[in-house]
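**Q** Right, I'll just put the structure down here and ask away after.
Nothing in this text is a laboratory measurement; each read-out follows from the coordinates by a stated rule. Quick caveat, the model's predicted, so the values are computed rather than measured. Quick reminder, even Gly has a Cβ in these numbers, built from the backbone with ideal geometry, and neighbours come from all protein chains shown.
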Amino acid sequence: MNVGIESISFYSSHYYIDLKTLAERRNLPPEKFYQGIGQEKMAVPPPDEDIVTMAANAGFNALKNIDKGKIDTVLFATESGIDQSKAAGIYVHSLLELPQNCRVVELKQACYSGTGGLQMAFAYVHTYPQRKVLVFTADVARYGLCSAGEPTQGAGAAAMVISAEPKILALDAESGFYTQDVMDFWRPNYRDEALVDGKYSVRVYLKALAESWTDYRQKSGKAFAEFEKFAYHLPFTRMGEKAHLHLAKTVGVQNLTDDQLLAQIRETLIYNRITGNSYAASLYIGLISLLENCPRDLGGKNLGLFSYGSGCVGEFFSGVIQKGYREFLLKEEHKTMLESRTELTCDEYEYFYTFPLPSDGSDFELPRNKTGRFRLAALKDHKRIYERVP
Ligand code: HMG
């Protein structure tokens, strides 16, 4: 039995800042961002959008051709939690009118947790092939104004329906993992912005990749040459390039030039380059970017994926892109969303970034910005009030 992704969609906020604008304000050469880290634009959520509204928007599209009655499990992966107790997925479950006989859980391990959710869904559907699992990955990446991490912020959500009818990607059973207790990136409960040892985090990412691959190779017996394409966690697009060249070197690939190797990941970078890091969602936005932008039909080809979450956990896993997958992509919806975005000035970006949402529990109505179908309308009696946008 094949199990994997039946439907997949993503959402990123309506607003972005061009990194040229940010570079000018920070007195840096724009090439440092455009070429050095490979980022052109960065999504900036307005105050009335958060992980719930972004996930609901992604889920709305992902569920378009799905019988919602078959979904009995919702897994919500995030490191931008909006409550210490209640799972963000419960708000989304309600906004999307999912069946009440359903379980909803939130998962956390930095950018990795979505992959943990995907693998749990895979095992669950193997046991109950009639049922479907909805996996959300959603995050807002925040490092602090004027910090080295600032140009690697972003925001986005991906939603995937995992079932025994994997019209897009059938997952392979074997995957390779790696865990190590490191402090490369973390966010203590009292902070809104992550703390990061940037250069160290890049080294740990590469180590976790090599170790996860070795574990994967031993378990699966699959070789690097069997993969047509690869997709990586993308904190910034140059990281994906560094990662792929590092893996090729670790494996000892000799018959491909760097250009040929980079062609194996090129289309995965397109959406992330203009939305930025969306932490847990970033690998899956990269996957959508590959499937929607590769001019060749990839049906029947093997895909290798690497998921990384600081702290750290890495996982290399794989799947077979399904014949006819293009018919089930939501390319037009994604294109319209990305093309209708509004560019911010640096002052507007800083205003959104520092927007003074009350932190003492006072009631507050949020100003209405351009959002998707759902928005955070108010904070009232210590509760978050979400609404559908008419
Ligand atoms: P930095 O200090 O701004 O960068 O930090 P830099 O000075 O090393 O420059 C970056 C690159 O730009 C370098 O290229 C420079 O040479 C180049 P490289 O040597 O790496 O190939 N450069 C230029 N290129 C062209 N023209 C120029 C120019 N100037 C410089 N004029 C860093 C960069 C990524 C470390 C920083 O932005 C940061 O800390 N970001 C956040 C951490 C991060 O993204 N880490 C990635 C791995 S960890 C991960 O992926 C997990 C994560 O997603 C979190 C989670 O799991 O939840 C982050």
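**Q** Does segment 172-180 contain at least one residue that is of a type outside the set (A, V, I, L, M, F, W, C), more than 9 Å from the ligand (Cβ to nearest atom) and surrounded by fewer than 16 Cβ atoms within 10 Å (Cβ to Cβ)?
**A** Yes, because at least one residue in segment 172-180 is of a type outside the set (A, V, I, L, M, F, W, C), more than 9 Å from the ligand (Cβ to nearest atom) and surrounded by fewer than 16 Cβ atoms within 10 Å (Cβ to Cβ).
**Q** Taking only segment 64-87 into account, find how many residues are in contact with a strand residue (DSSP E or B) (Cβ under 9 Å, 6 or more places away or on another chain), under 18 Å from residue 187 (Cα atoms) and not in a strand (DSSP E or B).
**A** 6
**Q** For segment 12-71, which residues satisfy the criterion of being within 16 Å of the ligand (Cβ to nearest atom) and farther than 18 Å from residue 153 by Cβ?
**A** 27, 29, 31, 35
**Q** If we keep just the residues of segment 134-147 that are buried (at least 19 other Cβ atoms within 10 Å of the Cβ) and over 14 Å from the mean Cα position of the chain (by Cα), which is nearest to the ligand (Cβ to nearest atom)?
**A** Checked segment 134-147; the qualifying residue nearest to the ligand (Cβ to nearest atom) is 143.
**Q** Next up: Tell me, which residue of segment 250-305 that is more than 16 Å from the ligand (Cβ to nearest atom) and on the phi > 0 side of the Ramachandran plot is surrounded by the most Cβ atoms within 10 Å (Cβ to Cβ)?
**A** That would be 300.
**Q** Hey, another quick one. Which residue, of 150, 165, is charged (D, E, K, R), more than 19 Å from residue 45 (Cβ to Cβ) and either surrounded by fewer than 24 Cβ atoms within 10 Å (Cβ to Cβ) or more than 16 Å from the ligand (Cβ to nearest atom) (or both)?
**A** Result: 165 is the single residue among 150, 165 that is charged (D, E, K, R), more than 19 Å from residue 45 (Cβ to Cβ) and either surrounded by fewer than 24 Cβ atoms within 10 Å (Cβ to Cβ) or more than 16 Å from the ligand (Cβ to nearest atom) (or both).
**Q** I've got another one for you. Counting just the residues of segment 344-359 that are without any contact (Cβ under 8 Å) to a residue 24 or more places away in the chain and hydroxyl-bearing (Ser, Thr, Tyr), which one comes out farthest from residue 140 (Cα to Cα)?
**A** By that ranking, first place goes to 359.
**Q** Here are the criteria: (1) of a type in the set (A, V, I, L, M); (2) within 15 Å of the chain's Cα centre (by Cα); (3) surrounded by 24 or more Cβ atoms within 10 Å (Cβ to Cβ). Tell me which single one residue 74 does not satisfy.
**A** The single condition residue 74 does not satisfy is (2).
**Q** Sticking with this one: Among (1) touching a helix residue (DSSP H, G or I) at 6+ places or on another chain (Cβ under 9 Å); (2) in a loop (DSSP other than H, G, I, E, B), where does residue 335 come up short?
**A** (2)
**Q** Does residue 23 fit the bill of being in contact with a helix residue (DSSP H, G or I) (Cβ under 8 Å, 6 or more places away or on another chain) and over 23 Å from residue 342 (Cα atoms)?
**A** no
**Q** Looking at segment 226-240 only, could you name the residues that are in a helix (DSSP H, G or I) and either within 23 Å of residue 142 (Cα to Cα) or touching a Ser or Thr at 6+ places or on another chain (Cβ under 7 Å) (or both)?
**A** Hits for segment 226-240 are 237, 238, 239, 240.
**Q** Looking only at residues that are under 20 Å from residue 91 (Cβ atoms) and of a type in the set (Asp, Glu) in segment 347-390, which one is surrounded by the fewest Cβ atoms within 10 Å (Cβ to Cβ)?
**A** Per the stated criteria, the residue is 381.
**Q** Does residue 94 satisfy the criteria of being among the polar types (S, T, N, Q) and touching a helix residue (DSSP H, G or I) at 6+ places or on another chain (Cβ under 8 Å)?
**A** no
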